[in-house]
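The structure appears below as structure tokens.
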Amino acid sequence: MTDPTTDSTGNTGDADTARASLEALRAEIAKAVVGQDPAVTGLVVALLCRGHVLLEGVPGVAKTLLVRALASALELDTKRVQFTPDLMPSDVTGSLVYDARTAAFSFQPGPVFTNLLLADEINRTPPKTQSSLLEAMEERQVTVDGTPRPLPDPFLVAATQNPVEYEGTYPLPEAQLDRFLLKLTIPLPSRQDEIDVLNRHASGFNPRDLKAAGVRPVAGPADLEAARAAVAKTTVSPEITAYVVDICRATRESPSLTLGVSPRGATALLSAARAWAWLTGRDYVIPDDVKALALPALRHRIQLRPEAEMEGVTADSVINSVLAHVPVPR
């Protein structure tokens, strides 16, 4: 195993140490966010796969706080952009600014130059601005005035959207949805979780002051690098590869869909399953790993027929039906 330089969290980047540190994230983030363990796991999986995440939930379920707490616990830089109808691409990527002192143009980096970019309500900005993120998400760089400028590593876009309020929104095109590794749904809390949230606020919890809440770095870039190297060595048998392909091909034959999962979706599902297998302590992938990540990896890559939607069919129900019918390898 490699043994990178110790980072400021005190960890050396050993793979076993990295796994223990990433497992500790749940407890650390729980100091600020009640519940939402699946979303925390999904964000960690995306970081390990160098992917991006679409967070969907009604306002007020701590989507922004979740990303900020994750950045604090991983000692990563984070920035937030509120997407609005008048937001310009340069507001995200940065632009050339004229400096009168030097009589020359210099590049002023935009908020995309960070580790965790929270793109809040991404569907409220026009397609031109939405597409400004495409190069950043896919190529890990921004091109301004013909000059490519690399983004920091790690780099993750966590984009949020409201599932119930569509007035004045610009739905993400299929090509951009396909660039997100996972789509995570952030549910309303249970009754007990909501009571815990109110008790915390009554006790003086301030969501804008994570240090006061006790959130501290428990992992760092060295841990992520070691974890990524270990995930890359996680074994995938030919039977598991065929299982992933069969699941994705079955969505293309579903009578409820006009669009099934693309080969990029199959690759995303396999990558996410490998990361999940490693996080759970194995160096090989089993069918349950694929099943565990099928919904978040595929739900945003399929398109329902209008008549199916009218009958109450959902993307998740179609995927669950496919999982129930595709033979599981032994």
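The values are calculated or read from the model by the stated rules, or taken from the named source; none is laboratory data. Being a predicted model, the structure only gives us computed values, none of them experimental. With ideal geometry, Cβ positions are generated from the backbone for all residues, glycine too; neighbour counts draw on all protein chains shown. For accessibility, only protein heavy atoms count, side chains too; no ligands or nucleic acids. Shrake-Rupley method; radii C 1.70, N 1.55, O 1.52, S 1.80 Å.
Laid out as a table, the results:
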item	result
Residue list for region 48-65, filter: touching a helix residue (DSSP H, G or I) at 6+ places or on another chain (Cβ under 6 Å) and at pLDDT 90 or above	L48, C49, H52, V53, L55
Residue that is open to solvent by 40 Å² or more (accessible area, probe 1.4 Å), outside any loop (DSSP other than H, G, I, E, B) and in contact with a strand residue (DSSP E or B) (Cβ under 8 Å, 6 or more places away or on another chain), where the choices are T267, T241, T258, T251	T258
Residue that is surrounded by the most Cβ atoms within 10 Å (Cβ to Cβ) [pool: residues in region 131-160 that are among the small types (G, A, S) and modelled with pLDDT under 85]	S132
Index of the failed condition, V218 passing every other in (1) assigned to a helix (DSSP H, G or I); (2) touching a Leu at 6+ places or on another chain (Cβ under 7 Å)	(1)
Test result for A202, at pLDDT 90 or above and within 30 Å of V322 (Cβ to Cβ)	no
Residue ranges of helices (runs of 4 or more DSSP H) in region 30-113 with at least 3 members open to solvent by less than 10 Å² (accessible area, probe 1.4 Å)	37-48, 63-74
Only one of T235, T251, T280 that is of a type outside the set (G, A, S) and closer than 25 Å to G57 by Cβ	T251
Residues of region 125-145 satisfying the condition of being of a type in the set (V, I, T) and not in a loop (DSSP other than H, G, I, E, B)	T129, V142, T143, V144
Helices (runs of 4 or more DSSP H) wholly inside region 282-330 that include at least 3 residues being open to solvent by 20 Å² or more (accessible area, probe 1.4 Å) and touching a helix residue (DSSP H, G or I) at 6+ places or on another chain (Cβ under 9 Å)	287-298, 315-325
Any hit, region 176-190, residues being of a type in the set (V, I, T), in contact (Cβ under 8 Å) with a residue 60 or more places away in the chain, assigned to a loop (DSSP other than H, G, I, E, B) and surrounded by fewer than 13 Cβ atoms within 10 Å (Cβ to Cβ)	no
Region 97-109 residues that are free of Cβ contacts under 8 Å to residues at least 12 places away in the same chain, paired with ones that are of a type in the set (D, E) and in a strand (DSSP E or B) (beta carbon under 6 Å, 6 or more apart)	S106/D99
Hits in region 195-210 (condition: open to solvent by 60 Å² or more (accessible area, probe 1.4 Å) and either among the hydroxyl-bearing types (S, T, Y) or in contact (Cβ under 8 Å) with a residue 60 or more places away in the chain (or both))	R200, S203
